[in-house]
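The values are calculated or read from the model by the stated rules, or taken from the named source; none is laboratory data. It should be emphasised that the depicted structure is a prediction, and the values quoted were computed from it without experimental measurement. Positions of Cβ are backbone-derived with ideal geometry, glycine not excepted, and every protein chain shown enters the neighbour counts.
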Amino acid sequence: MKKILLSLLVLASATVSKAQWQPDGSTITSNFTMTDLNNNTIDAFALFNQGKHLVIDFSATWCGPCWAYHSTHVLDAYYDKNGPNGTYIKDAQVVFYEVDGSTTLADLQGTGGNTQGDWITGTSNPICNPSNSSAVVGKFLAPGTSSYGVPAVFVVCNDKKLYKISTGITTEPALRSYIAGKCGLAPLSQTEVMDLGFTYDLYPNPAEAIAHLRLQMDEAGTVSYSLKNALGQTVINGAQQQIPAGLSTFDIPTGNLPAGLYFVQLQVGKRQVNARLMVN
């Protein structure tokens, strides 16, 4: 009951404290580190110096809204795709950060007295459970603020600017799109572009003998592409094919083409996008 009342108090404080968090676009000016349950240290500024961004979920095991957001597994999906061992860009770190210093491992496992369920099973991203969260949470709070509501989810871009993420964003593509809009398109790639249901990357650009079209699909679908010159004439036409969800790569031979500007027209289902390609 004590924890439930505390949860309500914290959430109520979010309603009356308009300046509880730093506003979007604020800069984290000093470094912070976090230690996860496996005793691994996550150094924020080291991540930013590598061109990566940090997604952090401030939550508490006894908090109902935190559990509801956690149960969407959107951060697990984001971590699995874009984290250090991700299947795609690997330009992100994701952390679940338990803010209540009295929370036990049993609470995280779902067997304690102050928990909504098992927070560990099925969670792929690091979990931190510090005895005192103020050193990290304080980086995100407005000056003079001591009360705050949870869950509170943030992205800190590699330029150290922070942005609050709505817990209404519950799919990985939507989350990636939001973060790309705040942090720039793929901090580790100059060409990756997000679209509805897929991500594509055209490289190298400029190309010489060959260009690669890398396509990450959220669901299986039909794909075709064509390469047009600056006059709009089709010089290469890739046949339509059915590809599975996940990563696929198409090789576009450019070695016999005159140097100049070309356009790759990519058709994914009913979506059509165009990308510029320089050939040397």
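Just one of Gly255, Gly221, Gly238 is more than 29 Å from the chain's Cα centre (by Cα) and touching a residue at least 24 places away in the same chain (Cβ under 8 Å); which is it?
Gly255
In the stretch 204-253, what count of residues is obtained for those that are part of a loop (DSSP other than H, G, I, E, B), under 22 Å from Pro173 (Cα atoms) and among the aliphatic types (A, V, I, L, M)? Talk me through it step by step, then tell me what you get.
Going residue by residue through the stretch 204-253, those that are part of a loop (DSSP other than H, G, I, E, B) are 204-206, 208-209, 218-220, 230-233, 244-245.
Among the residues that remain, those that are also under 22 Å from Pro173 (Cα atoms) are: 218-220, 244-245.
After this cut, where a residue has to be among the aliphatic types (A, V, I, L, M) as well, the list is 220, 245.
Total meeting the criteria: 2.
Restricting to the stretch 20-54, give me the number of residues that are among the β-branched types (Val, Ile, Thr), assigned to a loop (DSSP other than H, G, I, E, B) and touching an Asp or Glu at 6+ places or on another chain (Cβ under 6 Å).
Going residue by residue through the stretch 20-54, those that are among the β-branched types (Val, Ile, Thr) are 27-29, 33, 35, 41-42.
Among the residues that remain, those that are also assigned to a loop (DSSP other than H, G, I, E, B) are: 28-29.
Restricting the remaining residues to those that are touching an Asp or Glu at 6+ places or on another chain (Cβ under 6 Å) gives none.
Count: 0.
Within the stretch 62-72, can one find any residue that is of a type in the set (Val, Ile, Thr) and either crowded, with 21+ Cβ neighbours inside 10 Å or assigned to a strand (DSSP E or B) (or both)? Steps first, please.
Pass one, the stretch 62-72, residues of a type in the set (Val, Ile, Thr): 72.
So of that shortlist, the ones also either crowded, with 21+ Cβ neighbours inside 10 Å or assigned to a strand (DSSP E or B) (or both) come out as none.
No, the stretch 62-72 contains no residue that is of a type in the set (Val, Ile, Thr) and either crowded, with 21+ Cβ neighbours inside 10 Å or assigned to a strand (DSSP E or B) (or both).
Looking at (1) over 17 Å from the mean Cα position of the chain (by Cα); (2) surrounded by 20 or more Cβ atoms within 10 Å (Cβ to Cβ); (3) not basic (Lys, Arg), which one does Ser30 not meet, given that it meets all the others?
Of the numbered conditions (1) over 17 Å from the mean Cα position of the chain (by Cα); (2) surrounded by 20 or more Cβ atoms within 10 Å (Cβ to Cβ); (3) not basic (Lys, Arg), the odd one out for Ser30 is (2).
Being in a strand (DSSP E or B), assigned by TED's automatic domain parsing to the domain that holds Thr170 and at pLDDT 95 or above, is that true of even one residue in the stretch 73-93? Quick ask: steps written out before the conclusion?
From the stretch 73-93, those in a strand (DSSP E or B) are 92-93; that's our starting set.
The next check asks that each one be assigned by TED's automatic domain parsing to the domain that holds Thr170; those that pass are 92-93.
Filter again for at pLDDT 95 or above, leaving 93.
Yes, because at least one residue in the stretch 73-93 is in a strand (DSSP E or B), assigned by TED's automatic domain parsing to the domain that holds Thr170 and at pLDDT 95 or above.
Tally time: how many residues in the stretch 135-155 are more than 20 Å from Gln116 (Cβ to Cβ), in contact with a helix residue (DSSP H, G or I) (Cβ under 7 Å, 6 or more places away or on another chain) and outside any strand (DSSP E or B)?
Total meeting the criteria: 1.
So Val137 clears everything in (1) closer than 17 Å to Phe32 by Cα; (2) touching a Cys at 6+ places or on another chain (Cβ under 7 Å); (3) aliphatic (A, V, I, L, M) except one condition, right? Which one?
It is condition (2) that Val137 fails.
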